Amino acid sequence: MTMKRTLILAGLFAFAASANAVVNFNITNPSQTVAAPGSGYVLVTFAGTVTLTGGFTPAGLSVEWPGNGSTFLTFDSFDAGFLAYVSAAVVDSNYTGNLFSFQVQSTDTPGLYDLNSNGSSPFAEATFDATRNGVRASDNEFFDITVTAVPEPASMAVLGLGAAALLKRRMKR
């Protein structure tokens, strides 16, 4: 009886491994850096590819919101072309293009935003799902956004004047 259970478990693990092999999801540039805007927000768009084989159809994408330990960036939207790909649910279909976007607000603290919003894993990730006859297969990718500070115009002017003064002083010598 123990041998039979072992064989059944081994078969289930092999099936699960083969089910995941039929979904290949990749984010083209999973680490992006953006300068915080002076006001409003800027969009950070992630693009990627999906390849399906084995009779699977697209079922959807879940995205965790990246955070820095105290706040999270704002999710903007899924790309319309990507939503059309998922909605069409074509067997063994592929997709290449924009996937989803986040907003970086002028009030977001500079730094790395890579922690997830829901606690299912330590880092922000996107998971693509596909189905075939009630069987779900998925593939995931981690991603992050680094927000950098942009010096305000007055600070840039002061730096520029300082550089000009140094050049003038150097030219007098």
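The values are calculated or read from the model by the stated rules, or taken from the named source; none is laboratory data. The model shown is predicted, which means the values in this text are computed figures rather than measured ones. Heavy atoms of the whole protein, side chains included, go into the accessibility calculation; ligands, DNA and RNA do not. Shrake-Rupley method; radii C 1.70, N 1.55, O 1.52, S 1.80 Å.
With a 1.4 Å probe and every protein chain kept in, tell me what percent of the accessible surface of region 16-105 is carbon plus sulfur.
The C+S portion of the solvent-accessible surface of region 16-105 is 55 percent.
Need one value: the accessible area of residue 33 in square angstrom, 1.4 angstrom probe, rounded to the nearest 10.
The accessible area comes out at roughly 100 Å².
Compute the accessible area per residue over region 43-121, keeping the other protein chains in place, probe 1.4 Å, unit Å².
With all protein chains present, region 43-121 gives 44 Å² per residue.
For region 40-104, evaluate the Debye formula with one uniform point scatterer on each Cα (no solvent term) and list log10 I(q)/I(0) at q = 0.15, 0.21 Å⁻¹, rounded to two decimals.
So the normalised log intensities are -0.53, -0.85.
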